[in-house]
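The values are calculated or read from the model by the stated rules, or taken from the named source; none is laboratory data. Values in this document were obtained by computation on a predicted structure and should not be read as measured data. Ideal geometry is used to build each Cβ from the backbone, glycine not excepted, and the neighbour counts take in all protein chains shown.
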Amino acid sequence: MVFWILAAMALYLVNVYMAGLMLFARIGPVAYSGPRDSLPEPGVYRARTLKAAANFAENLPVFLGLGLLALVVNGADLSLATLGAEIFVLSRIVYIAVYIAGVPLVRSVIFTFGLIGMGMMAWALV
């Protein structure tokens, strides 16, 4: 479980930093290291990357809470919770790629797999 918690946190950082790297490539190192008071429109791919990161930020607290509870609650089914965490993290990898690529229906299906993973984590606590 700890591995998947750390993997989710690392993946979140990768998602956030991807958007930053896209901005860096667009405005250059001098403007990027400044106050960035006025930024250009994000562009299609950076906007999608930012939206994927925002979605991840909405789901990460629930995932982390369930993962930590699975580690400390007596009687929790740790193997089920770990499988759910694995499904969540792996689905997030695909979700980010599909979101940036702009594939709408597949994105929703992959998001649902992540929710199922968190559902498994919650069920493991009961």
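Considering the range 1-38, the residues that are over 18 Å from residue 99 (Cβ atoms), at pLDDT 95 or above and of a type in the set (Val, Ile, Thr) include one that is surrounded by the most Cβ atoms within 10 Å (Cβ to Cβ), namely 5. From (1) on the phi > 0 side of the Ramachandran plot; (2) not in a helix (DSSP H, G or I), pick out the condition that doesn't hold for residue 28. All conditions are met except number (2). Answer with yes or no whether residue 119 is in a helix (DSSP H, G or I), closer than 26 Å to residue 1 by Cβ and touching a residue at least 12 places away in the same chain (Cβ under 8 Å). Considered against the rule, which asks whether it is in a helix (DSSP H, G or I), closer than 26 Å to residue 1 by Cβ and touching a residue at least 12 places away in the same chain (Cβ under 8 Å), residue 119 comes out as yes.
For every residue, the table says whether it meets (1) free of Cβ contacts under 8 Å to residues at least 40 places away in the same chain; (2) part of a helix (DSSP H, G or I); (3) out of contact with any strand residue (DSSP E or B) (no Cβ under 6 Å at 6 or more places or on another chain).
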{"residue": "11", "(1), (2), (3)": "no, yes, yes"}
{"residue": "32", "(1), (2), (3)": "yes, yes, yes"}
{"residue": "41", "(1), (2), (3)": "yes, no, yes"}
{"residue": "65", "(1), (2), (3)": "yes, yes, yes"}
{"residue": "80", "(1), (2), (3)": "no, yes, yes"}
{"residue": "108", "(1), (2), (3)": "yes, yes, yes"}
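Could you tell me whether the range 82-105 includes any residue that is loosely packed, with under 14 Cβ neighbours inside 10 Å, in contact (Cβ under 8 Å) with a residue 40 or more places away in the chain and not in a helix (DSSP H, G or I)? Yes, the range 82-105 contains at least one residue that is loosely packed, with under 14 Cβ neighbours inside 10 Å, in contact (Cβ under 8 Å) with a residue 40 or more places away in the chain and not in a helix (DSSP H, G or I). Entry remark, the range 67-78: residues being surrounded by 15 or more Cβ atoms within 10 Å (Cβ to Cβ) and either in a helix (DSSP H, G or I) or in contact (Cβ under 8 Å) with a residue 60 or more places away in the chain (or both) number 3 in total.
Hey, any hits in the range 50-58 for a residue that's touching a residue at least 24 places away in the same chain (Cβ under 8 Å) and over 15 Å from the mean Cα position of the chain (by Cα)? Scanning the range 50-58, I find no residue that is touching a residue at least 24 places away in the same chain (Cβ under 8 Å) and over 15 Å from the mean Cα position of the chain (by Cα), so the answer is no.
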